[in-house]
Amino acid sequence: MLQNKGNPTINKSTGLPRKRFYRARAHSNPLSDSHFPVPLSPSHVDYSQHYPQLFPAADQTGTYKKIQFADIGCGFGGLLISLSTLFPETLMIGMELRDKVTEYVKERILGLRVANPGRYQNVSVVRTNSMKYIPNYFEKGQLSKMFFLFPDPHFKEKNHRRRVISPQLLDEYAYVLQVGGIIYTITDVEELGEWMKSCLQNHLMFEPLSQKELEADPVVKLLSTATEEGQKVARNGGQTFQVVYRRITPAS
Amino acid sequence: MEGTKMDARVDECERDDGNTQEDAPMEESEQNNKDMEVAPALVSVHPTQSSVAVALGSDLRVFNLLDNSAVSLMDESGGAYHNDSIRCIKYGTNGKLFVSAGDDKLVKVWSTDCWRCISTVVSEKRVSAVAISNDGLHVCFADKFGVVWVVDLPGFDGTKASLNQKAVPLLAHYCSIITSLEFSPDGRFIVSADRDFKIRVTVFPKKPLDGAHEIQSFCLGHTEFVSCLAFICTPDSPQGILVSGGGDSTVRMWDIISGSLLDTCEVGTKVEPNATEGNCSTVTNICTIPECTLIAVAIQSLRGIMLLTCDLSSRTLSVSKVVSIDGENFVPTSLGSSISGGLLWMVTGASKFRGSDVSSLSRVKVISGFKKSNPNASEQEPTVLADSEIPGGAKLLEKLQGSISIDEKVFLAAADAVKTAMCNLLIKKQYSDEKREFRKRTRNDKKSKQ
């Protein structure tokens, strides 16, 4: 697993991966068909591979615990790492399209598990295209939180259809979220923030959280501070736009 | 399970494909960027079998079985019929409407009384699947980018033809080609299948123009593209039992309320090796035969059809028999049946192929004699009807086939084209880098100005 002897990509003292060996472009084309394995259905997701300490056997029928948090486009894993200790009883997973970045997060989690026995066992990452394969990973109403932090803005109008938040993709996110589950989005691009807000506002399966609820939620503060992207924006003195909505039963 | 869409069985199809598509790409594309692709022949039967329709390339042929006459289509809605390959045709279950759509990006809705085109809808992309809601108020069509659109049908008085009814998005399978679209028998759900192995069941809302946002379930289990969908009607489930066929050579049965897989039938292993050429046993079409729990399955390279029985109490599928078509090289490209007629209509053929004086082929055959669920009925064997025994007889064949009899040579020339047509439809094309660059430059998917 961890190869710290003579492997320059891992920092020998912390056991954590060095980011400069895992650099990748910020942008990845979600339309191209990459070749990575996709589970046939949510019951085929291998929990023993992701959470080996919690699920020692490869074959678990009727697992008592399922993944509840999903970080879509998790990047270098900053949010997941923070959430892991904030919610130690909850299983969570990051989904990332870029190969190198996924490898970085894997190594990071492994390094943290070794350095902190018993902790970080509830967090994992998978390389996949979440715009196509979310129903393969999660059952109906499985998730209680979904995160979309600093998604690719796809500025040109002809590329708007590649945005990870769209009226049609919200159908799928509503499907995997339980009633009462929360979708968190944040961006530093104002137009994208307006777009995401408008998509969520117009979708009959979502309603906004009240100001009180936002203030009471410990996760909301993490949106702008926990990730590398968020920290970069803060360093540059940029503004961020948060849109947080709850999954509801549509009025019929 | 890998994300790749190709496997050894379809590699063969792709190699054959080389002659028609990939070689000499530059000259063909330069001379006519819109060369019609080889398209498989399609058949659809009116719910009460009052008419039968066949689509071959851009040609739509309808035969009226009530008065035994060929139908002349009237299209005054602005488009001069279809001008590129028709990819999907369907009758509405209430029998009043018929829809046709395809590569010309037009969706045409026809009244089945007078066979006049009452509405033409323009699609942004080529259309790959269509469905009419059970109440006949909406038409849904899927484009090659994975979006399913819905359009209101004009108040039905059959007089005014309308052009450019505006369609709105209903739902989408992100970046997947939708291969089949079906409404559940009770009309509560719309089911869409795609080339990325997925089947989505969505609640069809009271106001479809606002979009269908409530997903009921996903039916996941196919390990290859899903090519076709059909419903079995059963008294205990008003929403029916869903049956699907796919590139993994299986036919699967689903409970659409929960999305669970009820049973899988590996039809690939049941097909005798000498009945098919090579090892291609992709399921290309399925058709349920009402009033008995039989499912007819068309398998690529099988000269005939396979019949499956569905046991409703145990919810299982099993192979009943293979009905071969002797004496002709007949591999069905499309199947159809009416709700009452008890006949299975089949067509084989393709448009625009080389190697013969005749550039297209369409051959219609019918199978009858399906056992009804009445145990007292005498043992009936499904039999392939002779041309003279087909309803409509020679007149129907002349209209739907273009001629009464087809030369064996034409069949041979068509065989490759038929195979290519089905492959093109279902297999993701792999382009060389230069070809891909060329396609990017000459791509034309701009929104039409309306």
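Scanning region B:115-151 for residues that are within 14 Å of chain A (Cβ to nearest Cβ) and not in a strand (DSSP E or B) returns B:Glu124, B:Lys125, B:Lys144, B:Phe145, B:Gly146. Where helices (runs of 4 or more DSSP H) sit wholly within region A:158-249, those with at least 1 residues that are in contact (Cβ under 8 Å) with a residue 40 or more places away in the chain occupy A:167-176, A:190-201, A:218-225, A:228-235.
Of all residues in region B:176-206, exactly one satisfies the criterion of being among the β-branched types (Val, Ile, Thr) and facing another protein chain (nearest Cβ under 8 Å), namely B:Thr202.
Against the definition (in contact with a strand residue (DSSP E or B) (Cβ under 9 Å, 6 or more places away or on another chain) and either hydrophobic (A, V, I, L, M, F, W, C) or without any contact (Cβ under 8 Å) to a residue 60 or more places away in the chain (or both)), how does A:Gly111 come out, yes or no? No, not satisfied. You will find that of A:Lys158, A:Lys212, the residue that is within 29 Å of A:Gly237 (Cβ to Cβ) and over 18 Å from the mean Cα position of the chain (by Cα) is A:Lys212 and no other.
Of the listed requirements (1) on the phi > 0 side of the Ramachandran plot; (2) surrounded by fewer than 20 Cβ atoms within 10 Å (Cβ to Cβ), A:Phe150 misses just one: (2). When region B:225-237 is filtered for residues that are crowded, with 23+ Cβ neighbours inside 10 Å and either within 8 Å of chain A (Cβ to nearest Cβ) or not hydrophobic (A, V, I, L, M, F, W, C) (or both), only B:Ser227 remains. Among the residues of region B:100-153, the ones that are in contact with a His (Cβ under 7 Å, 6 or more places away or on another chain) and small (Gly, Ala, Ser) come to 3 in all.
Among the residues of region A:178-211, the ones that are of a type in the set (Asp, Glu) and within 14 Å of chain B (Cβ to nearest Cβ) come to 1 in all. Within region B:366-381, is there a residue that is at pLDDT 80 or above, part of a helix (DSSP H, G or I) and open to solvent by 40 Å² or more (accessible area, probe 1.4 Å)? No, region B:366-381 has no match at all.
Give region A:219-232 a look and list any residue that's closer than 15 Å to A:Phe76 by Cβ and surrounded by fewer than 20 Cβ atoms within 10 Å (Cβ to Cβ), or say none.
If the condition is that a residue be closer than 15 Å to A:Phe76 by Cβ and surrounded by fewer than 20 Cβ atoms within 10 Å (Cβ to Cβ), then A:Thr225, A:Glu228, A:Gln231, A:Lys232 are the ones that fit.
Just one of the listed residues (B:Leu307, B:Leu209, B:Leu261) is surrounded by fewer than 23 Cβ atoms within 10 Å (Cβ to Cβ), part of a strand (DSSP E or B), within 14 Å of chain A (Cβ to nearest Cβ) and of a type in the set (A, V, I, L, M), namely B:Leu261.
Within region B:241-258, the set of residues being within 18 Å of the chain's Cα centre (by Cα) and part of a strand (DSSP E or B) comprises B:Leu242, B:Val243, B:Ser244, B:Gly245, B:Gly246, B:Thr250, B:Val251, B:Arg252.
When region B:175-206 is limited to residues that are of a type outside the set (A, V, I, L, M, F, W, C) and in a strand (DSSP E or B), the one that is most open to solvent (accessible area, probe 1.4 Å) turns out to be B:Glu182.
Against the numbered list (1) open to solvent by less than 40 Å² (accessible area, probe 1.4 Å); (2) touching a helix residue (DSSP H, G or I) at 6+ places or on another chain (Cβ under 6 Å), B:Val168 comes up short only at (1).
Of everything listed in (1) among the aliphatic types (A, V, I, L, M); (2) more than 14 Å from chain B (Cβ to nearest Cβ); (3) over 21 Å from B:Ala172 (Cα atoms); (4) out of contact with any Pro (no Cβ under 6 Å at 6 or more places or on another chain), the single unmet condition for A:Met146 is (3).
The values are calculated or read from the model by the stated rules, or taken from the named source; none is laboratory data. Keep in mind that what you see is a predicted model, and the values were worked out from it rather than measured. Glycine also receives a Cβ, built like all others from the backbone with ideal geometry; neighbour counts cover every protein chain displayed. For accessibility, only protein heavy atoms count, side chains too; no ligands or nucleic acids. Shrake-Rupley method; radii C 1.70, N 1.55, O 1.52, S 1.80 Å.
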